[in-house]
Amino acid sequence: MRIILLIAVSFTYLFANAHIFVYHRFGDDRYPSTNTTLIELEKQFLYFQKNGYEVVPIEKIIEKVKNKKEVPNNWVGLTIDDAYKSFYNNGLELFRKYNYPFTLYVYVEATNRKYKDFMTWDQIKDASLYGSIGLHSFGHKRMTQISKEQVYSDTKKAYDLFSKKLGFEPKTYVHPYGEYNKDVLKELEKFNFDAIFNQNSGSITKESKLNDINRIALVGKVNVKNKLRYKTMNASWEAPVQFPKDGILKNVKARVDTKYKTMKLYITGYGWRDIKVNKGIISENLNIPLKQARTRIILSPDYYTIANKIIIKNKTTKEKKLMLNTIYEETKEHMTKTIEAIKRDYKSLRTGKVTTTILDGIKIDY
């Protein structure tokens, strides 16, 4: 009996895969693609509770990975992106009811400028009594589409404001839109975050990289049981390194465990296909045009044990010039309206009469 128990324990930890989930909005049916109803949320919490899962602070998972220790199979971490007000008004009560810790990631610009749908700094402070708080950038930009200097500047601005308003420094970071590349990661390294999270399906093991930890999205009506089946497969990606300049994916190359003889390959826009593995080497010639600027590539022997990566098309010089030209024209138009408004009311200014101008929705009294 003792031997059987030891074998069972060894098996559990040999394949130990913890899971971290990400939520966005709660009980807000205006945005179904990012919303989790309170009924669905409680179903998920009850599933964790009844099936032996332990919801732990993500800091405990990070500590295991940092020390290269096995991460218990039944550990679950919960994160919330953007700090929407619906979390504070709707979701937080259920987290408190089940005593489930969480990490809330702040989109700093939205909170600091008091955007209507986002939590205030005071509400975030209140939420911090029940969970931890992390950083989700300042301007929520697509970091792969801006310069390295802009990535650093955005993060520095967010980091400093976060620290000033909350009284402590952020220890973890999540990418806006889950998009990143090696240049983005290099800039983020300068802030010494304990961990950086993506938004890729997969689990967390002692082999996970602290600057690239998986999180699985739980939005809409999902089968949390199936999400908990995801395991991370170790794969060394060789190609593609980045989004091809000509938009043609020529091949996929990777190294996996030699025990695999076949594999399933997923590419956004093309679905799944069966491929062969030769002594742990995958080399699949494709020559297919990529259909989306954000393309996910997945390798899996069974649809649930997966290795995946995202490649993102960078804006061309022509596209960047077009974007800058659009900004210039919009600014020019705005300035023209402003000058016209001032000229129109100049006579009133001279006579001392007060007149009101409505400019871009802003009431201006002269």
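The condition (being more than 20 Å from the chain's Cα centre (by Cα) and either under 24 Å from Leu161 (Cα atoms) or part of a helix (DSSP H, G or I) (or both)) is satisfied by just one residue among Glu109, Glu70, Glu59, Glu93: Glu93. Exactly one residue out of Asp274, Asp257 is more than 27 Å from Thr144 (Cα to Cα), in contact (Cβ under 8 Å) with a residue 12 or more places away in the chain and either assigned by TED's automatic domain parsing to the domain that holds Leu185 or assigned to a strand (DSSP E or B) (or both): that is Asp274. Among residues that are in the same structural domain as Ser86 (by TED's automatic domain parsing) and touching a Gly at 6+ places or on another chain (Cβ under 8 Å), Leu185 is not included.
Table: residues versus (1) part of a loop (DSSP other than H, G, I, E, B); (2) not acidic (Asp, Glu).
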site: Lys116; (1), (2): yes, yes
site: Gly134; (1), (2): no, yes
site: Ser137; (1), (2): yes, yes
site: Tyr152; (1), (2): no, yes
site: Lys165; (1), (2): no, yes
site: Glu169; (1), (2): yes, no
site: Tyr180; (1), (2): yes, yes
site: Ser208; (1), (2): yes, yes
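Here the range 96-106 is the region considered, the condition is being outside any strand (DSSP E or B) and under 21 Å from the mean Cα position of the chain (by Cα), and the residue that is surrounded by the fewest Cβ atoms within 10 Å (Cβ to Cβ) is Pro101. Among the residues of the range 190-209, none qualifies, meaning not one is out of contact with any helix residue (DSSP H, G or I) (no Cβ under 7 Å at 6 or more places or on another chain), modelled with pLDDT of 95 or more and among the acidic types (Asp, Glu). With respect to Leu166, determine if the residue is more than 17 Å from the chain's Cα centre (by Cα), surrounded by fewer than 18 Cβ atoms within 10 Å (Cβ to Cβ) and farther than 25 Å from Lys227 by Cβ. Against the criterion (more than 17 Å from the chain's Cα centre (by Cα), surrounded by fewer than 18 Cβ atoms within 10 Å (Cβ to Cβ) and farther than 25 Å from Lys227 by Cβ), Leu166 qualifies.
With the requirement that a residue be more than 26 Å from Lys291 (Cβ to Cβ) and either surrounded by 14 or more Cβ atoms within 10 Å (Cβ to Cβ) or in contact with a helix residue (DSSP H, G or I) (Cβ under 8 Å, 6 or more places away or on another chain) (or both), what does the range 228-258 give you? Listed by number, the residues that qualify are Leu228, Arg229, Lys231, Thr232, Arg255.
The values are calculated or read from the model by the stated rules, or taken from the named source; none is laboratory data. These figures come from a predicted structure and were not determined experimentally. Methodologically, a virtual Cβ is constructed for each residue, glycine included, from the backbone with ideal geometry; neighbour enumeration extends over all protein chains shown.
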